[in-house]
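Down below is the structure, laid out as structure tokens.
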Amino acid sequence: MLFSENSSLLRIPSSADVQDVMYLDAMRYAAEMIELSYVRLCDSLLRLPIEDDVTRHRYLSVASIQDAWAMIDSSDRLRSLIRPSKILSSYPDFCAEFVESVAPIRELRNTVQHLDHKIPSLAAKDWPVWGTLRWFEWREPPRKGVSCLLQAGGHVERRPLNIQSPRHRQDVIGVSDVILASRGVEVSLNVLRENVFMFSQTLDDIVSEAFEQVATEERLADLFLHVGVDFQVEELVVKADSKSETA
């Protein structure tokens with residue numbers, strides 16, 4: 001996970017303002033959704049070039065596109081949560097720097113908003129309906145790798161197929177330079193992930209400092225309820241095992 005079990009975001013005092021807590025919870029979840037989507041995306045991208053089963057290959061293709069766009073949606077949501085947060089209002093330069101770093105995601109996201117109305121123009125200009133994923137996979141770094149492209153939707157014949165080249169050589173096997181493009185707008189998902197990671201680390205420090213003098217009981221970070229039900233007896237018996245998740 002993006003935040004450790006000792007993160008200040010998981011140890012917010014129970015006396016904290018409810019709205020402040022909700023903004024922080026929303027940002028925490030959005031950031032960890034981005035991280036989770038990227039990890040799953042890279043797993044799918046590594047398997048796509050070597051998957052021979054047609055059905056399984058199509059499953060991995062859909063999963064890749066889903067997680068790529070999930071990163072964009074969660075990043076846009078995270079960006080929108082920053083300005084209203086009172087805790088972050090004392091750090092305008094930090095907030096402005098992050099908002100600027102993720103600015104292209106709004107333009108990219110807008111290319112698939114109200115998609116039902118955009119289909120005619122997409123068809124006329126020969127754009128793939130859900131965009132294109134490009135990535136490079138290092139197999140024998142820093143010399144050999146595989147450049148891959150996934151076009152989400154067919155019937156596109158006039159558009160050139162741009163093969164992704166690595167921007168930097170690396171010494172580690174794996175996926176690099178993941179680009180999501182749609183209607184001429186593109187975003188580097190690995191750079192986006194790095195920006196969210198750095199934002200999250202600083203956010204953790206800010207929250208820690210904001211509540212370091214508050215000596216009250218910690219609130220629950222999340223709540224999980226597990227309920228067992230037995231319908232085979234005459235009298236309904238419900239057994240509940242409630243687990244509260246804190247840091």
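The values are calculated or read from the model by the stated rules, or taken from the named source; none is laboratory data. In this text, all values refer to a predicted model and were calculated from it rather than measured experimentally. Cβ: placed from backbone, ideal geometry, glycine included. Neighbour counts: every protein chain shown. The area values use the complete protein model at the heavy-atom level, side chains included, leaving out ligands, DNA and RNA. Shrake-Rupley method; radii C 1.70, N 1.55, O 1.52, S 1.80 Å.
The table for this structure:
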read-out: Residue-normalised accessible area of the range 101-146, given per residue in Å² at a 1.4 Å probe; value: 54
read-out: Helical contribution to [θ] at 222 nm, DSSP H n ≥ 4, -39,500 (n - 2.57), averaged over the chain, rounded to 500; value: -15000 deg cm²/dmol
read-out: Ala124-Asp222 FRET efficiency (beta carbon distance; Förster radius 35 Å; 0.05 resolution); value: 0.15
read-out: Per residue convex hull volume, Cα atoms of the range 18-110, in Å³; value: 100
read-out: Convex hull per residue volume in Å³, alpha carbons only, for the range 64-121; value: 92
read-out: Segments 131-141, 170-180, 92-102 sorted - mean Cβ within 10 Å per residue, highest first; value: 131-141, 170-180, 92-102
read-out: Zero-based 5 Å bins, Cα pair distances in the range 56-154, whole percents; value: 2, 10, 16, 16, 15, 14, 11, 9, 6, 1
read-out: Å² per residue, accessible surface of the range 170-218 at 1.4 Å; value: 52
read-out: Vicinal HN-Hα couplings computed from phi for the range 9-16 (Karplus, 6.51 cos²θ - 1.76 cosθ + 1.60; Hz; Gly/Pro x); value: 5, 9, 10, 6, x, 5, 7, 5
read-out: Cα→Cβ-extended label distance, 7 Å offset, between Lys86 and Asp205, nm; value: 2.5
read-out: Highest-fluctuation residue, Arg219, Arg28, Arg143 considered, GNM on the chain with Cα pairs under 10 Å; value: Arg143
read-out: FRET E, pair Glu107, Val39, Förster distance 30 Å, beta-carbon r, rounded to 0.05; value: 0.75
read-out: Simple label model, 7 Å out from Cα along Cβ direction - Glu5 to Val214, nm; value: 2.4
read-out: Protein accessible area in the range 1-112, 1.4 Å probe - carbon and sulfur %; value: 53
read-out: Where the Cα pairs of the chain fall when distances are cut into 10 Å bins, in %; value: 6, 25, 27, 21, 15, 5, 1
read-out: Dipole magnitude (debye, nearest 20) for the chain, charges at Cβ of Lys, Arg, Asp, Glu; value: 1400
read-out: Nitroxide proxy distance, nm - points 7 Å out along Cα→Cβ at Ser165 and Val99; value: 3.7
